[in-house]
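Asker: Have a look at this one.
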Amino acid sequence: MEVKRLTRHTAQRRFLPRRGHSYLSIMNSHEPVIIVGAGPIGLACAISARRRGVDPLVIDAGAIVNAIVHYPPGMMFFTTPERLEIGNHPIVCSGAKPNREEAMMYYRGVVRAEGLRVRTFARLIIAERTGGHVRCVIETATGREEVTCDRLVLATGYFDNPNTMEVPGEALPHVRHYFDEAHLSWGLDVVVVGGKNSAVEGALQLYRAGARVTLVYRGPAFKPSVKFWLRPDLDNRVKANEIRTWLGATVDSIEPGAMIIRTADGEMERLPADRIYALIGFTPRFDLFRSIGIHLDPVSERPALNPETLETNVPGVYMAGSVVSGRAISEVFIENGRYDGEKIFGDPAARRHAAELYEESPRPIGE
């Protein structure tokens, strides 16, 4: 595929500025900073840079806060508004906690208020240190484009990379790795695979929307981290035989209208399945990080980086948010990762303050 290098003239001709100072394009063939990931943490990093006189370009493979876009409609956050705020912009919500739609509106508003340059549906596929800069190749709907930068910040999170079951039939159209709208499954046989919060909550929503729900989990019991208000609800539904469960079971294969599992006793069981939700977690883009040259621990996948500045072993390449913790993605959330931009772009005093706020940030309940 042809790689096109954008010049200022061609970029200005191809892409028009929107309201305010925000552009949805690469405006130069060279940028001082590129931030990969337009989630809350990537946007917080962009704000930290802007307030120090650096105008970064933020790109994302999906939409602004793409992970939140994938949440079910109307989903309520389990954390209070002030812990989701970035750039000291207050969240206004109708209840004690914001819902999915209010959060998306909030982060769009922050982008507008801060004049951040964000380009959506632009995926970083190559990055390499060369000639004193970082060369990036970005894939868009119109092809591949090349741009260099002085500093590259990886705030990609993990929600764009769902784990797969690696079984025959997983690519069939009735299999989903994201939960969508429970209403769509009314009157259908639905199998949910997983044993954490997303799977348990999805199963409960599906049951209440009128689906016949079966929950399959490979562990002998559900995770103790299942939120305390979900666990008794699930236990009661199972006890009443309203949600069927198979614990200690693994998925063997999938076929149209059915899932074949191996039970804890080693028997093969065929489950009716008009829809299947494989809600088994997500994984950061470790392959991308390795291709850039970032050293990852062979077991934990934690990157080699300076904990004070978050610069990796590759000069000019930084990491922010959950990706700094390797496979232990539950260590970093919006609540504490939102301070990472201060570590990257701030002076020593700002870094120390960010580290203090990070340590003081409580973990979300049930994670």
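Asker: Which residue pairs have Cβ atoms under 7 Å apart, sit 6 or more places apart or on different chains, and have a first residue in region 46-61 that is more than 16 Å from TYR318 (Cβ to Cβ) and a second that is polar (S, T, N, Q) and surrounded by fewer than 24 Cβ atoms within 10 Å (Cβ to Cβ)?
Answerer: Note: pairs meeting the criteria are ASP60/ASN66; ASP60/THR120.
Asker: Identify the residue in region 208-230 that is surrounded by 12 or more Cβ atoms within 10 Å (Cβ to Cβ) and of a type in the set (Gly, Ala, Ser) and, among all such residues, is farthest from TYR277 (Cα to Cα).
Answerer: First, pick out the residues of region 208-230 that are surrounded by 12 or more Cβ atoms within 10 Å (Cβ to Cβ): 208-219, 222-223, 225-227, 230.
Okay, now just the ones that are also of a type in the set (Gly, Ala, Ser), so 209-211, 219, 225.
Details: ALA209: 15, GLY210: 16, ALA211: 13, GLY219: 17, SER225: 20 Å.
For region 208-230, the residue satisfying everything is SER225.
Asker: I would also like to ask the following. With respect to the numbered conditions (1) at pLDDT below 95; (2) hydroxyl-bearing (Ser, Thr, Tyr); (3) in a strand (DSSP E or B), which one is the sole condition not fulfilled by TYR358?
Answerer: Failing condition for TYR358: (3).
Asker: Follow-up question, since we're still on this one. Among what's in region 270-284 and is under 22 Å from the mean Cα position of the chain (by Cα), buried (at least 19 other Cβ atoms within 10 Å of the Cβ) and not aromatic (Phe, Trp, Tyr), pick the residue that is farthest from ILE254 (Cα to Cα).
Answerer: My answer is PRO284.
Asker: Also: Out of the residues in region 170-194 that are in a loop (DSSP other than H, G, I, E, B) and free of Cβ contacts under 8 Å to residues at least 40 places away in the same chain, state the one that is nearest to ILE280 (Cα to Cα). Walk me through how you get there before you give the answer.
Answerer: Step one: of region 170-194, the residues in a loop (DSSP other than H, G, I, E, B) are 170-174, 177-181, 186-188, 194.
Next, only the ones that are free of Cβ contacts under 8 Å to residues at least 40 places away in the same chain stay: 171, 173, 186-187.
Numbers: ALA171: 15, PRO173: 18, TRP186: 23, GLY187: 24 Å.
Within region 170-194, the match that is nearest to ILE280 (Cα to Cα) is ALA171.
Asker: If you don't mind, there's one more thing I want to ask. Can you tell me which of ARG19, ARG13 is modelled with pLDDT under 50 and assigned to a helix (DSSP H, G or I)?
Answerer: Details: ARG19 fails: assigned to a helix (DSSP H, G or I).
One residue alone meets the criteria, ARG13.
Asker: How about region 47-106: which of its residues are surrounded by 15 or more Cβ atoms within 10 Å (Cβ to Cβ) and on the phi > 0 side of the Ramachandran plot?
Answerer: VAL65, GLY87, listed by residue number.
Table: residues versus (1) closer than 27 Å to ILE68 by Cβ; (2) assigned to a helix (DSSP H, G or I); (3) at pLDDT below 95; (4) hydroxyl-bearing (Ser, Thr, Tyr).
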site: SER253; (1), (2), (3), (4): no, no, no, yes
site: ASP265; (1), (2), (3), (4): no, no, no, no
site: ARG290; (1), (2), (3), (4): no, yes, no, no
site: VAL314; (1), (2), (3), (4): no, no, no, no
site: ARG327; (1), (2), (3), (4): yes, no, yes, no
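Asker: Since ARG151 meets every condition but one in (1) modelled with pLDDT of 95 or more; (2) over 23 Å from the mean Cα position of the chain (by Cα), which condition does it not meet?
Answerer: Every condition holds for ARG151 apart from (2).
Asker: Return the pairs, sorted by first residue and then second, in which the second residue is among the aromatic types (Phe, Trp, Tyr), the first residue lies in region 112-125 and is more than 26 Å from ARG290 (Cβ to Cβ), the beta carbons are less than 8 Å apart, and the residues are 6+ apart or on different chains.
Answerer: Close Cβ pairs satisfying both conditions: ARG117/TYR23.
Asker: Report yes if ILE280 is assigned to a loop (DSSP other than H, G, I, E, B) and closer than 27 Å to ARG327 by Cα, otherwise no.
Answerer: Numbers: assigned to a loop (DSSP other than H, G, I, E, B): yes; closer than 27 Å to ARG327 by Cα: yes.
For ILE280, the condition - assigned to a loop (DSSP other than H, G, I, E, B) and closer than 27 Å to ARG327 by Cα - is met.
Asker: Test of understanding: among PRO90, PRO72, which residue is in the same structural domain as LEU43 (by TED's automatic domain parsing) and more than 30 Å from ALA278 (Cβ to Cβ)?
Answerer: Details: PRO72 fails: more than 30 Å from ALA278 (Cβ to Cβ).
Answer to the selection: PRO90.
Asker: Return the pair list, or none, for Cβ contacts closer than 8 Å from residues in region 130-150 that are part of a strand (DSSP E or B) to residues that are of a type in the set (Ser, Thr, Tyr), at least 6 apart or on different chains.
Answerer: HIS133/THR148; VAL134/THR148; ARG135/THR148; CYS136/THR148; GLU146/SER29; VAL147/SER29; THR148/SER29
Asker: Residue check, CYS149 against (1) under 26 Å from PHE333 (Cα atoms); (2) surrounded by 20 or more Cβ atoms within 10 Å (Cβ to Cβ), all met but one. Which one?
Answerer: Every condition holds for CYS149 apart from (1).
Asker: Given the condition surrounded by fewer than 17 Cβ atoms within 10 Å (Cβ to Cβ), in contact (Cβ under 8 Å) with a residue 40 or more places away in the chain and not in a loop (DSSP other than H, G, I, E, B), answer yes or no: does some residue in region 231-241 qualify?
Answerer: Within region 231-241, not a single residue is surrounded by fewer than 17 Cβ atoms within 10 Å (Cβ to Cβ), in contact (Cβ under 8 Å) with a residue 40 or more places away in the chain and not in a loop (DSSP other than H, G, I, E, B).
Asker: Can you give me the number of residues within region 323-341 that are of a type in the set (Asp, Glu) and buried (at least 24 other Cβ atoms within 10 Å of the Cβ)?
Answerer: Our first condition is that a residue be of a type in the set (Asp, Glu); within region 323-341, this holds for 331, 335, 340.
Cutting the leftovers down to buried (at least 24 other Cβ atoms within 10 Å of the Cβ) gives us 340.
Going through region 323-341 one residue at a time, the tally reaches 1.
Asker: Is it the case, given these coordinates, that ARG338 is assigned by TED's automatic domain parsing to the domain that holds GLY132 and either in contact with a Gly (Cβ under 6 Å, 6 or more places away or on another chain) or in contact (Cβ under 8 Å) with a residue 40 or more places away in the chain (or both)? Give the steps one after another, and end with the answer.
Answerer: On the way: assigned by TED's automatic domain parsing to the domain that holds GLY132: yes; either in contact with a Gly (Cβ under 6 Å, 6 or more places away or on another chain) or in contact (Cβ under 8 Å) with a residue 40 or more places away in the chain (or both): yes.
Yes.
Asker: Then there is this: Looking at (1) among the small types (Gly, Ala, Ser); (2) loosely packed, with under 13 Cβ neighbours inside 10 Å; (3) under 17 Å from the mean Cα position of the chain (by Cα), find the lone condition where ALA320 falls short.
Answerer: (2)
Asker: Which one of the conditions (1) modelled with pLDDT under 95; (2) over 25 Å from ALA350 (Cβ atoms); (3) not in a helix (DSSP H, G or I) does ILE68 fail to meet, given that it meets all the rest?
Answerer: It is condition (3) that ILE68 fails.
Asker: For region 208-226, name all the residues that are under 25 Å from the mean Cα position of the chain (by Cα), of a type in the set (Ser, Thr, Tyr) and not in a loop (DSSP other than H, G, I, E, B). Let's see the steps before the verdict.
Answerer: If we filter region 208-226 for residues that are under 25 Å from the mean Cα position of the chain (by Cα), which is where we start, we get 215-219, 222-226.
Among the residues that remain, those that are also of a type in the set (Ser, Thr, Tyr) are: 217, 225.
Selection gives TYR217 alone.
The values are calculated or read from the model by the stated rules, or taken from the named source; none is laboratory data. Keep in mind it's a predicted model, so treat the numbers as computed, not measured. Positions of Cβ are generated from backbone atoms using ideal geometry, with glycine treated the same way; all protein chains shown enter the neighbour counts.
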